[in-house]
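Some notes on the structure that comes next.
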Amino acid sequence: MTGILCIHGFTGGTYEVEPLTEHLMNHTEWKVEMVALPGHGKADELSLRGVGHREWIKACEEAYERLEKECSQVYVIGFSMGGMIASHLAAKYGADKLVLLSASGKYLNWKLLTIEAWQNMKKQLSGDILDDLSKLREDKKGRIPFRAFWEFKKCIDYTKKALPAVSCPVFIVQGIQDSMVPYRTVNYLHKHLGSQKQKMVLFDESRHLLCLGPDIDQICTQVEEFLLEA
């Protein structure tokens, strides 16, 4: 059996990748699972105080290990910060394939985060700084402690070290209109990933939330085709 592990992004939840996971569940016989990172979820579910990058990575490692026991091959899909954690899993466990959606690598717009974080520190932080979260119609104001952003940065700094050790085929997907993770990030990922088989696709109309954007149908089709390739 083939297993799919899908990981969402920072301050988000499984809803960020559900359109893709639902497509895969409806069009394949694979076992598809999503990881809910500790402290994450919709606005009324956010509870990021007291949790950090170690807990996020551990939750994903445990989910991978459970899936690996049931499946002969495992594919990992990660969105934004989840893409970097997915890269870590692919390197550590030898995943069979890796899909990176708006993966927040070296060129993450950290300046955008820190400037607005300092501006809003006394009032706590608004989820609006995460690019186009307004599309989710969720109010995250006051639910993201400043420390969580530093844990986010620690997560990126830690997981990007694994990129050279990724040896499986990789599909990199990025939106040109992404103001959170600039599209040139794909060049960094391509250069630092150890994989000899990489595919990159840029979507002109998509922003950061690829699975909730205008190109989702094409993304679903291309991800499925990539995973089905021998």
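The values are calculated or read from the model by the stated rules, or taken from the named source; none is laboratory data. This is a predicted model, so every value here is computed, not measured. No Cβ is skipped: glycine too gets one built from the backbone with ideal geometry, and neighbour counts run over all protein chains shown.
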Any pair with Cβ under 6 angstrom, 6 or more apart, that starts in the range 49-69 at a residue that is farther than 30 Å from MET1 by Cα and ends at one that is in a helix (DSSP H, G or I) = GLY52/GLU151; HIS53/GLU151; HIS53/LYS154; HIS53/CYS155
ask   = Got a sec? Which of GLY41, GLY94, GLY13 is on the phi > 0 side of the Ramachandran plot and touching a Gly at 6+ places or on another chain (Cβ under 8 Å)?
value = GLY41
ask   = If we scan the range 148-164, do we find a residue that is in contact with a helix residue (DSSP H, G or I) (Cβ under 9 Å, 6 or more places away or on another chain), under 12 Å from LEU101 (Cα atoms) and modelled with pLDDT of 95 or more?
value = no
request  = Determine whether the range 40-50 contains at least one residue that is buried (at least 21 other Cβ atoms within 10 Å of the Cβ), over 27 Å from HIS190 (Cβ atoms) and not hydrophobic (A, V, I, L, M, F, W, C).
outcome  = yes
task = Please tell me if GLU55 is touching a Gly at 6+ places or on another chain (Cβ under 8 Å), assigned to a helix (DSSP H, G or I) and surrounded by fewer than 22 Cβ atoms within 10 Å (Cβ to Cβ).
result = yes
